[in-house]
Amino acid sequence: VRLKPLVILDKQYPTDEITNVTPAILAKIPMRLHNQANHPLSILKMIIQGHYSDFIHHSSLSPLVTPFKNFDELSFPTDHPGRSVTDSYYINKNLMLRTHTSAHEVEVFGKKEDKWLLTADVYRRDEIDGSHYPVFHQMEGASLFDATAEGMKEVEADNARLESILKQSNIVIDDIPHVSSTNPVQSSHDSVHAELVAKNLKLSLNSLILRLFGSGRSTPLRVRWIEAYFPFTSPSFEVEVFFGGKWLEILGSGVVLQSTLDKAGVQGKIGWAFGLGLERIAMILFSIPDIRLFWSQDERFLSQFNCGIITTFKPYSKFPACFKDISFWTAQDATPLHDNDFCDVVRDVAGDLVEDVKLVKKTAIVPSSSEVTNTRAD
Ligand code: PHE
């Protein structure tokens, strides 16, 4: 059987026996929600960008990457489950939809950029429910320092600055050691350097979390650090925030594997990276109850958000707005009905379901009748 090629972002790609990307997924690729003005994901992206104001920002890299770039370049083992066709979307054997923004680490470090952010759509095959979606958005951030006494002085100064901000705020941080036997320093690293960099990573992210979740609270913000494992960082950490009575995991992070920097041709540096899920955070900040709402093209969703501000989402009907024209009239010989009398009849019958009642015209033939149109019901 000859398989048909696929057209993605105006280019044609061959398919093969492992192709598993579906039309519903392909339709999401051009959307780039994180770049749509006034979309909650782009508002959140800009708030984080504002926090890391001296970082270079990338946000239009293609989601099509080789499995080599998504996995091998980042030291994923050959039998890692994420590589399987049941977990990831493949265009063909040599091309897939990135599963995380870390896929661009070697590429961006290769541009010799020390401090950068990268926002992108990422794709993972997943179950169907209100908090999972096969396309979501991540923001990757990274910061490199000279692996010298001078470079470490810079880290220490930044650590002191961040510590003083955090000390003055209403945040309770449940920390773990920067390194341990199960979360080790890399063999090529000076352990003092690695600890200072891990500390900088934690302080920097704690202050971002404070910026995102800290305002207008009556109780202290609770954050906890958890030992983690990623093939491309060591030591590695996850962060959870206590919100709505639950601990929510919002990001993965760690000290960048030296082999990643070697592949990018970066020498004499040490640094950290993080990757955070934008939907998770936006759902909390904007009180958006279902991850599928981010894809809504409905004005009732989109019109609720405005650049730069966090507002509380107001739920609306699952069903599309539907306009109905209904006319009403009164008998010719009746005493003329006042508009407000008519509105009270409507209110008694339909309550707040009717959004708008307008008098369009009083006809000459039947002066006492009124015609009402555009009653909108959800
Ligand atoms: N890419 C990881 C994920 O998607 C997150 C991560 C980014 C972890 C950078 C460490 C460093 O889960």
When you look at G254, is it surrounded by 14 or more Cβ atoms within 10 Å (Cβ to Cβ) and either in contact (Cβ under 8 Å) with a residue 60 or more places away in the chain or within 11 Å of the ligand (Cβ to nearest atom) (or both), yes or no? yes
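Within region 108-136, how many residues are part of a helix (DSSP H, G or I) and surrounded by fewer than 16 Cβ atoms within 10 Å (Cβ to Cβ)?
Looking only at that region, the number is 0.
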Please specify each residue of region 211-248 satisfying the condition of being part of a loop (DSSP other than H, G, I, E, B) and either under 17 Å from L74 (Cβ atoms) or within 16 Å of the ligand (Cβ to nearest atom) (or both). A228, Y229, P231, F232
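Take E156 and tell me if it is within 15 Å of P63 (Cα to Cα) and either in contact (Cβ under 8 Å) with a residue 40 or more places away in the chain or open to solvent by less than 10 Å² (accessible area, probe 1.4 Å) (or both).
no
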Hey, any hits in region 25-39 for a residue that's among the hydrophobic types (A, V, I, L, M, F, W, C) and free of Cβ contacts under 8 Å to residues at least 24 places away in the same chain? yes
With F319, F274, F313, F301 as the choices, which residue is in contact with a strand residue (DSSP E or B) (Cβ under 6 Å, 6 or more places away or on another chain) and aromatic (F, W, Y)? F274
What are the residue pairs meeting all of these: first residue in region 89-100, first residue closer than 24 Å to S59 by Cβ, second residue open to solvent by 10 Å² or more (accessible area, probe 1.4 Å) and within 16 Å of the ligand (Cβ to nearest atom), Cβ atoms under 7 Å, and 6 or more apart or on different chains? Y89/R125; M96/P67; M96/Y89; L97/Y89; T99/G82; T99/R124; H100/Q138; H100/G275
Select from region 1-59 the residues that are surrounded by 17 or more Cβ atoms within 10 Å (Cβ to Cβ), under 22 Å from the mean Cα position of the chain (by Cα) and over 23 Å from V108 (Cβ atoms) and list them in ascending order. V21, K28, H39, P40, I43
Could you tell me which numbered condition A273 fails, if it satisfies all but one of (1) of a type outside the set (V, I, T); (2) open to solvent by less than 20 Å² (accessible area, probe 1.4 Å); (3) assigned to a helix (DSSP H, G or I)? (3)
It is to be established whether one or more residues within region 276-293 are touching a helix residue (DSSP H, G or I) at 6+ places or on another chain (Cβ under 7 Å), open to solvent by less than 40 Å² (accessible area, probe 1.4 Å), within 16 Å of the ligand (Cβ to nearest atom) and assigned to a strand (DSSP E or B). no
Report whether or not S53 is out of contact with any helix residue (DSSP H, G or I) (no Cβ under 7 Å at 6 or more places or on another chain) and among the small types (G, A, S). yes
Run F242 past the list (1) under 14 Å from the mean Cα position of the chain (by Cα); (2) over 24 Å from P184 (Cα atoms); (3) among the hydrophobic types (A, V, I, L, M, F, W, C) and report the number of the one that doesn't hold. (1)
When you scan region 186-193, do you find a residue that is touching a residue at least 12 places away in the same chain (Cβ under 8 Å), over 30 Å from H80 (Cα atoms), under 24 Å from the mean Cα position of the chain (by Cα) and more than 14 Å from the ligand (Cβ to nearest atom), even just one? no
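Quick grid of which residues meet (1) aliphatic (A, V, I, L, M); (2) farther than 19 Å from G277 by Cβ:
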residue: H39; (1), (2): no, no
residue: F55; (1), (2): no, no
residue: S60; (1), (2): no, yes
residue: V65; (1), (2): yes, no
residue: E73; (1), (2): no, yes
residue: A103; (1), (2): yes, no
Just the residues that are touching a Leu at 6+ places or on another chain (Cβ under 7 Å) and over 29 Å from E17 (Cβ atoms), please, taken from region 83-114. E105, V108, F109, D114
So L208 passes all but one of these: (1) more than 13 Å from the ligand (Cβ to nearest atom); (2) over 30 Å from A149 (Cβ atoms); (3) within 20 Å of the chain's Cα centre (by Cα). Which condition number does it fail? (2)
Residue check, A264 against (1) closer than 30 Å to Y229 by Cα; (2) away from the ligand (no atom under 16 Å from the Cβ), all met but one. Which one? (2)
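The values are calculated or read from the model by the stated rules, or taken from the named source; none is laboratory data. Owing to the predicted nature of the structure, the values given are computational and were not obtained by experimental measurement. FYI the Cβ positions are ideal-geometry reconstructions off the backbone, even for glycines, and counts take in every protein chain you see. With ligands, DNA and RNA removed, areas are computed over all heavy atoms of the protein, side chains included. Shrake-Rupley method; radii C 1.70, N 1.55, O 1.52, S 1.80 Å.
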